[in-house]
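The block underneath contains the structure these notes are about, expressed in structure tokens.
The values are calculated or read from the model by the stated rules, or taken from the named source; none is laboratory data. Source: prediction; values computed, not measured. Cβ sites come from the backbone with ideal geometry, for glycine too, and all protein chains shown count toward neighbours. Side chains are part of the model used for accessible areas, which takes the heavy atoms of the whole protein and leaves out ligands, DNA and RNA. Shrake-Rupley method; radii C 1.70, N 1.55, O 1.52, S 1.80 Å.
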Amino acid sequence: MKIDKQRLVSRITRVAKDLDISPHTAYPRFFFDCFLTRLASSPLREKYVLKGGLCLSSLVGIAKRSTLDIDFLLWNADLTHERTIGDMKEIAAMDIDDGVYFEYIMDKPIRQDDPYGGFGIQFMGRFANIRQVFSIDIATGDPMVPGPKLDEYDCLITGEKISLLRYPIETFLAEKLETILEKGVKNSRSKDFYDVYLLRKEFGSKIDADLLKEAFFKTCAHRGFPQEPSLFERTLWDIRTSENQKARWARFLLKSDYATGISFEETIDAVSFWLGLMGFDSL
């Protein structure tokens, strides 16, 4: 959908007001959605699965979860630098008559401790004199349970609906739980705890326990993390009583309006809830 700058600014202002978010949060989403609309119009849509914060944000709403980048899992294809960067440049260069242009800036390796690796690509989105720099992270090899799903995605500002492959919510949650348990008190990403809390609030009665357990076990096996309930219990206790983790959470609240009013203890209770759902009843 092609709109002029005045209409874009007006729409973003209205959406931000309706959702009680900052316009500075909505502008990146506009460019994300324009990029994803190009992907949805390309044969490459069968190779790239939307995951991460943007996938979650599109499910629960930007007022509850925002992000500053796009994450993809490359599916059923080999991840090579030339092919992957070429795919992203091809998508970015598509002309869909929306007045938006994407300029490649740079790329770099990511997940260098993972045998499959990955790449981070930085683009600048341009619309009239509006500029937005953002990153796209692409990885591969992660096990998906129950597999990617072709799903409807709502573009926030234009209201358009497109079809994209989505990462399974069970695997997204399983990865968050594994990260929390593996990193323990050294985890510096309070957003991991928030996401686990948010998923309980939004999907607590909708996630299949057997699928979550399968996703969790496969994620742990893929990452080489031991599946020991006694270790989970000790780790959760250490995190719950960590003054450093509580301080990190307090700092996270100062810059994350969507988490206002949520205590750190509630996030740990959410971790315990999901582990209990999988049968780790001692937690």
Cα convex hull of the stretch 1-112 - mean projected area over all directions, nm²: 7.9 nm²
Summed residue charge, Cβ within 9 Å of residue 158's Cβ, Lys/Arg positive, Asp/Glu negative: -2
Between the stretch 164-204 and the stretch 224-283, the Cα center-to-center distance that results, in Å: 10 Å
Rg over Rh, two decimals, the chain (C-alpha only, Kirkwood Rh): 0.97
Radius, Kirkwood style, for the stretch 165-283 when every pair of distinct Cα atoms is counted (Å): 14.4 Å
Acute angle (nearest 10 degrees) that the helix 229-240 long axis makes with the longest principal axis of the chain, alpha-carbon atoms: 70 degrees
Global size of the stretch 55-151 as Cα Rg and Dmax, reported in angstrom: 14.8, 43
Protein-only accessible surface order, largest first, of 69, 154, 113 at 1.4 Å: 113, 154, 69
Out-of-range pairs (alpha-carbon distance over 30 Å; input 108/246; 161/218; 89/149): 108/246; 161/218
Share of carbon and sulfur in the accessible heavy-atom surface of the chain [1.4 Å probe, %]: 48 percent
Ratio of the Cα radius of gyration of the stretch 25-90 to 2.2 N^0.38 Å, where N counts its residues: 1.16
Along the chain, longest interval not containing exposed trypsin sites (Lys or Arg not before Pro), exposed being DSSP loop plus at most 12 other Cβ atoms within 10 Å: 3-205
Accessible surface, the chain, averaged per residue in Å² (probe 1.4 Å): 48 Å²
Folded to 0 to 90 degrees: helix 5-19 orientation relative to the chain principal axis, Cα: 20 degrees
